[in-house]
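Here's the structure we're looking at; comments come further down.
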Amino acid sequence: MSKQKIRREALVYHAKPQPGKIKIVPTKPYATQRDLALAYSPGVAAPCLEIEKDPENVYKYTTKGNLVAVITNGTAVLGLGDIGPMAAKPVMEGKSLLFKIFADIDSIDIELDTKDVETFIQTVKTIAPTFGGINLEDIKAPEAFEIEQRLKEELDIPVMHDDQHGTAIISAAALLNALDLAEKKISEVRIVISGAGAAAVSCTKLYKAFGAKAENIVMLDSKGVIRKDRENLSPSKAEFASARKIDTLEEAMENADVFVGLSIADIVTPSMLKSMAPNPIVFAMANPDPEIAYDLAMDTREDIIMATGRSDHPNQVNNVLGFPFIFRGALDVRATKINEAMKMAAVKALADLAKEPVPEQVNIAYGETRLAFSREYIIPKPFDPRLISEIPPAIAKAAMESGVAKEPIEDWDKYKEALMLRSGNDNKIVRLLHTRAKMKAKRIVFAEADHLDVLKAAQIVHEEGIAIPILLGNRAIIEELKEEIEFDAPLEIIDPNEEATSKKRDAYAKSYWEQRRRTGVTEYQAAIKMRERNYYGAMMVMAGDADGMISGYSRAYPTVVKPILEVIGRANNVKRVATTNIMITERGPMFLSDTSINIDPSAATIAETAQMTANVAKTFGFETVAALLSYANFGSSSHPNANKVKEAVKILHTESPDIIADGEVQMDFALNKVLHQQKFPFSKLAGKKVNTLIFPNLESANITYKLLKELNGADSIGPIMMGLRKSVHILQLGASVDEIVNMAAVAVIDAQEREKRKRARTEKNN
C-alpha cells in the first residue's frame, strides 16, 4: 500500500462516520421526565450535598473513580517531535481508546497549549478534581521529569508518565526473564543504554531498583557516551554518567551483556553484536525501525535473546501490556499515587505470567502450537486474556501494602471475576482472527470480486496479509474497479466466461458431472453450471486450486448455498451442515447456532449443531458453555417443540459428555447466571457464564442475531459454515466491507485447521 493511500485511509478513518475516536455515552436511564429529574434538577442536589459533607463520596456518586485524563502539550509526539497540542490530539484520543478496550477505563484526552512547566503543572492541578488518575503523554525531557515529580507530590491521585514508566516496566519484566534464561545476575551484568530521553532514564532507574549496578551501566546520547568529565550535563544525565574512558557505542558494546536501545534505527552493527558477551540480551526498541534489524541480529548471533518494539517479531515491548492494567489496579483501590512498589509489582507480575502455561486462545492468536517460556517468549502477548486478571491485583496489593490505597480489596476472587467481566466488551476476537490468519495466509476465492465492496475487502485482505485473494468475476469490471480504488496488486483474476478459462472450465465440468451424474445432472448442464461463479469457485476449492472461498454478497442465501452443497458437500460423519454467528456483545463473544441453514431441525440435528459449534469455538480458543434454548425450562412443557430440545440435550450428554451444555432453557435463564443458579442448581450451566446459544429453529436464531446486530450495534462474524468438506463460507446479503474481511480471515483459519488435521492424520498413519 502506498504512503499516499495509507494517508487517505487514515484520514477517512478519523473523519467518518463522525470525527474522532471516542465519545461519551450515558450510563443511566434518561427516557422519562422522572429520569431527567433524577439526573439533573432537582435530584442531582442529593449527591452534591453528600459530596459536600464528605468529598470521598465523589467516588460513590460520579465517574471520577474510573476516569483518567490523558494529558500532553505535544512537545514529543511519537516520532513526530514537537508538533503542538492540537496536532497531538489524535494520538491522545488513541491512548484513551486503548484504556477503554483493554481495561474498561473511561478516558478523556486533554491537550495543553503551553511549554511552561509551571503553567502546565498548575493547570493539571486545577482540573485534577475531575479525574481518578492522570496519564502524562508525549512531553519532552527534561521537562517531563519535573512535571511528573511535582504532580505526584502535589496531587492525591495516581499520576504516571507512560512514555517513561510504561516502557521501563515492560522492558524490566523482559530483562528479568532474559537474564534468567541467560543464567546471569542483574547485579553483575554490563548494560549499555542507547538514548537518554525520558524512557531511557526511567528504564535505567528501574533496572537499578532491581539490582543493576551504576558502575556497570553506560548511557549514550546523540553526542556519544555520557561521561563524568563531560560539561553541562543535566541532572538526569549526570546520574548515569560513566567513569570509563570511552566515547563511542562500539567501545561500549565490547563485552557488554545487555543492550537497551531507545534511540534511532540501524546504529548497531553486526560487528558490535559479535563483540558482546556470550548470550547477549538485545532490546532494540526504536520505532518503527529498531537499532538493528531483527533478522540481521538473529543471523549474527545464535545465542542472542532479542526484543523489539515491533509486533511482527517475538518479544514485543508493548506499553499496552502495562498502563491500562496499572491504572486499573490503582483506581480500584483508590490509590493516591503510583509508587515504586506498584511499578515493581507490575514488573514481577508480567515476568511471572510469561513463565505460566499459555492459554490456548493465545496460542491460536499467534499461530503457535504451544507458546512457552523461552528466548522467543520472555514477556506475555498483548492478546493474553490473563493480563487483566493478573496485573491489576498485583498493583492493588502493592498499593495496599505500601500504604497508598484508600479503598482496600477484601475479596480477591470476586475482584478477579469482576476484572474478567470488564474485558468482555472488546473486539479481541477480531484481532485474534486477523493475527491468526496472517500467520499462514491461504488462497481465498472472492466469488463476487466485480462488486466494489467485495473488491475493497479483497484489497484490505491482501494489504494486511490476511489471505491471498483470487478475484473471480467479470474481468473488465474488476480491472476498472481496481483502478478506481488504486488497487494495483498483480493478483490472479479469473473470469469463468472467458475463452482463456475454457480448458480449466471443461476439466471442472467433467469432474462435477462425474460427481453428480447419478443425480440427474447431464454433461451439458455441468458445462453450463461451470460458467456460474459459485460453481466455478467451489470447484477451484475442490480441485485444490484454492484453499477456500467466500460468496453471497449479492445473492440470496439459498441460491448460494445450493451450488456449495452440490459441489463441496458434507464432511465425513456429518449428517447436516449448519452455521454459527459470532456476536461481539457486552458480555464477550457469543456463538449463535444455527442461523442460516436448517429451518426446523430435528433433535439429532440440534445436537450435531451444538457439537460442531463447540469445535468452532475451540478453534478460536474458547471453551463452550452452551444453552439449548426453548420457550420452556427443563421439562416445564410437554409440547413436541420443547421435547425436541430436551431430546437434543439427551443426545448431546450421551455422545459428547465433555461439552458443557444443558437445556431446554429459556433465554433469560440461560444468560442470567445468578437466576439460573437459584432456580436450576442441578443444571450443568449452574454457576457458569454461557457463551453459546443453540436455537430450536432457523427463525429464532436468524431473528435473534439480526436483532442484536441492528438494535444493539453488535458486530457479527458469520455465518460460519460448519460441516462442509472444504473451507467455503457464505456471506449475508449486503455484508459490509469489514464483515467480508472478517469472513475471509475465518476462511483462512478454517483452511489452516483442515491442513493441520490432514498433516496430523498423515503423521499418525506413517
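Using C-alpha pairs under 8 Å with a sequence gap of at least 6, the mean separation divided by the residue count of the chain gives a relative contact order of 9 percent. Between region 649-679 and region 615-634, the alpha-carbon centres lie 8 Å apart. For the peptides 190-197, 372-379, the ranking by packing is 190-197, 372-379, with the highest mean count of neighbouring Cβ atoms within 10 Å listed first. Taking a Cβ cut-off of under 13 Å around Lys355, the surrounding Lys, Arg, Asp and Glu residues balance to a net charge of -3, with basic ones at +1 and acidic ones at -1.
Computed extension gain for Ile6 through Lys440, at 0.36 nm per residue and net of the alpha carbon distance, reaches 153.9 nm. Compared with the dominant principal axis of the Cα atoms in the chain, helix 502-516 is inclined by about 60°. Centre-to-centre separation between the Cα atoms of region 552-578 and those of region 703-717: 23 Å.
Values of log10 I(q)/I(0) for region 233-284 across q = 0.17, 0.28 Å⁻¹ run -0.60, -1.20, by the Debye formula with one identical scatterer at each alpha carbon and no solvent.
Using R0 = 30 Å, the C-beta based FRET efficiency linking Ile599 and Val737 works out to 0.50. When region 691-757 is described by a simple charge dipole with +1 on each Lys and Arg Cβ and -1 on each Asp and Glu Cβ, the residue from Gly723, Asn712, Ser700 located farthest towards its positive end is Gly723.
The mean sequence distance of close C-alpha pairs (under 8 Å, at least 6 residues apart), as a share of the length of region 196-354, puts its relative contact order at 13 percent.
Couplings 3J(HN,Hα) of region 454-467, computed from phi: 5, 5, 4, 4, 4, 4, 4, 4, 5, 5, 8, x, 6, 7 Hz, in residue order, whole Hz [Karplus 6.51 cos²θ - 1.76 cosθ + 1.60, θ = phi - 60°; x for Gly and Pro]. Kindly express, to the nearest 10 degrees and within the range 0 to 90, the angle between helix 557-567's C-alpha long axis and the longest C-alpha principal axis of the chain. Helix 557-567 sits at roughly 80 degrees to that axis. Under 19 Å of direct C-alpha separation, and excluding same-chain neighbours fewer than eight residues apart, Lys504 reaches these lysines: Lys529.
With the largest listed first and rounded to whole Å, the semi-axes of the equivalent ellipsoid of region 297-453 from the Cα gyration tensor are 34, 22, 13. Computed from Cα positions, the angle between helix 340-355 and the longest principal axis of the chain comes to roughly 40 degrees.
In what order do Asp289, Asp662 fall by count of nearby beta-carbon atoms within 10 Å, going from fewest to most? Spell out each step's value before the answer.
On the way: Asp289 15, Asp662 24.
So the ranking, lowest neighbour count to highest, is Asp289, Asp662.
Here, the chain yields an orientationally averaged convex hull projection of 38.8 nm² when only Cα atoms define the hull.
Here region 320-423 is assigned +1 on the Cβ of each Lys and Arg and -1 on the Cβ of each Asp and Glu. Its dipole about the Cα centre then comes out at about 280 debye. Among the listed pairs Lys64/Lys100; Lys115/Lys228; Lys575/Lys650; Lys381/Lys706; Lys23/Lys709; Lys438/Lys618, a Cα-Cα separation exceeding 25 Å is found for Lys115/Lys228; Lys381/Lys706.
Please work out the C-alpha center-to-center distance from region 237-316 to region 115-174 and express it in whole Å. Here the answer is 29 Å between Cα centres.
Potential lengthening of the chain between Lys23 and Glu483 amounts to 162.0 nm, from the contour at 0.36 nm per residue minus the alpha-carbon distance. Among DSSP beta bridges lying fully in the chain, give the percent that are antiparallel, nearest 5. Bridges in the chain are about 25 percent antiparallel. Using the Cβ-Cβ distance between Asp180 and Leu98 with R0 = 22 Å, the FRET efficiency computed as 1/(1 + (r/R0)^6) comes to roughly 0.15. Each of His161, His653 was scored by other Cβ atoms within 10 Å of its Cβ. Arranged with the fewest first, they read His653, His161. Considering only beta bridges that DSSP places wholly inside region 578-723, some 50 percent are antiparallel.
The convex hull defined by the C-alpha atoms of region 432-567 has an orientation-averaged projected area of 8.5 nm². Counting beta carbons within 10 Å around each of Met722, Met420, Met86 and listing the fewest first gives the order Met86, Met420, Met722.
Each of the peptides 741-747, 708-714, 15-21, 162-168 was scored by the mean count of other Cβ atoms within 10 Å over its residues; in descending order, highest first, they stand as 741-747, 162-168, 708-714, 15-21.
The stretch between Tyr61 and Gln515, if pulled fully straight at 0.36 nm per residue, gains 156.5 nm over its current Cα-Cα span. The convex hull drawn around the Cα atoms of region 578-723, when projected onto a plane and averaged over every direction, covers 7.8 nm².
Annotation: lysines with alpha-carbon distance below 22 angstrom to Lys184 (same-chain offsets under eight excluded): Lys205, Lys208, Lys213, Lys274, Lys348, Lys355.
The numbers here are math on the coordinates, done by the rules we state, and not lab data. Remember, predicted model here, so these are calculated numbers, not experimental data. When we count neighbours, we look across all protein chains shown, and the Cβ atoms used for this are built from the backbone with ideal geometry, even at glycine.
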